[in-house]
Amino acid sequence: MRLDKKTAIITGGASGFGKGMAELFSREGANVVIADLNEADGQKTADELKIGFLKTDVSKNSDMSSLVKYTMDLFGNLDIFVNNAGYTHRNCPMLDVDEKTFDRIYEVNIKSVYLAAQNVIPIFRRNEKGVILNIASTGGVRPRPGLVWYNASKGAVISLTRSMAIELAPENIRVCAINPVAGKTGMLHLFMGEETEEKYELFRSSIPMGRLSTPRDIANSALFLCSDEADFLTGICLEVDGGRCI
């Protein structure tokens, strides 16, 4: 098994990409803890997969600290941290996004990476190894109109990934990212702006391979980047996009 005896935290793990990663990581031998604000779905997923769960607001240091402590108490160590939790605004003109929504996007998409680093890097330094995987977006590489502030937040995650990677590389701490194209997750209706067959077809037709991404697509890529098979890869920001960013 490719993650045998490793311990991983996955934020936003109650559904979508996060749940897909949790399922595959667990199947590949990892001890997994998922974090999510949605307590009902988080606990349901944890029960289904027989993994750990803690209700967590990734924008609060107290919650992130509790998440790491819970995982360490449960499994005694930490090897992988996946920053998957995300937030967006509805597809609309940039000036229509209110300040509260803007702030929440940057708290969840960017501040969470900072808070994760504060809480997990000391553990990784003690272990002399570790992996941080950030889930960014093709929106940070090839932006779609109507998603200006979300696109910019994911561009920042890509820059954070590379900056962290170069600073932490001498300590054998790897930092990578995945840039998924739109998938059938809980945020798809917000990306589209309206749930119509025409909008869906517009998104699908923008992907050369002719379909949206799936949790399995993202999980397979995450498994490789977090495994020892990728132990010489850091700073990688991998487009999992069916050709969208070519």
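Computed from the coordinates by the stated procedures, all read-outs in this text should not be read as laboratory data. Bear in mind the structure is a predicted one, so any value in this text is a computation, not a measurement. Note that we place each Cβ from the backbone using ideal geometry, even for glycine, and neighbour counts take in every protein chain shown.
At a glance:
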read-out	value
Nearest 10 degrees, 0 to 90: helix 112-127 Cα axis against the chain principal axis	30 degrees
Hz values of 3J(HN,Hα) by residue in region 204-210 - Karplus curve (6.51, -1.76, 1.60), Gly and Pro given as x	4, 6, 7, 9, x, 7, x
Whole-number D in µm²/s for region 87-214 (Stokes-Einstein; Kirkwood sum over Cα pairs; 20 °C, 1.002 mPa s)	135 µm²/s
Separation in nanometres of the label points that stand 7 Å from Cα toward Cβ, at Lys55 and Ala169	4.3 nm
Per-selection Rg to Rh, region 182-242 - Cα, Kirkwood hydrodynamic radius	1.09
Gain on full stretching of the segment that runs from Asp96 to Asn77 - 0.36 nm per residue minus C-alpha separation	2.4 nm
Exposure rule at most 15 other beta-carbon atoms within 10 Å, DSSP loop trypsin sites (Lys or Arg not before Pro): the chain longest free segment	61-128
Net charge over other residues, Cβ less than 9 angstrom from the Cβ of Val141 (K, R count +1; D, E count -1)	+1
Charge context of Asp231, other residues only, Cβ under 10 angstrom, K/R +1, D/E -1	0
Relative frequency of Cα-Cα separations exceeding 24 Å in the chain, percent	42 percent
Region 122-194: GluC sites (Glu not before Pro) falling in loop per DSSP and having at most 13 other Cβ within 10 Å	Glu128, Glu194
Percent of C-alpha pairs per 10 Å bin, region 1-86, short to long	21, 58, 21, 0
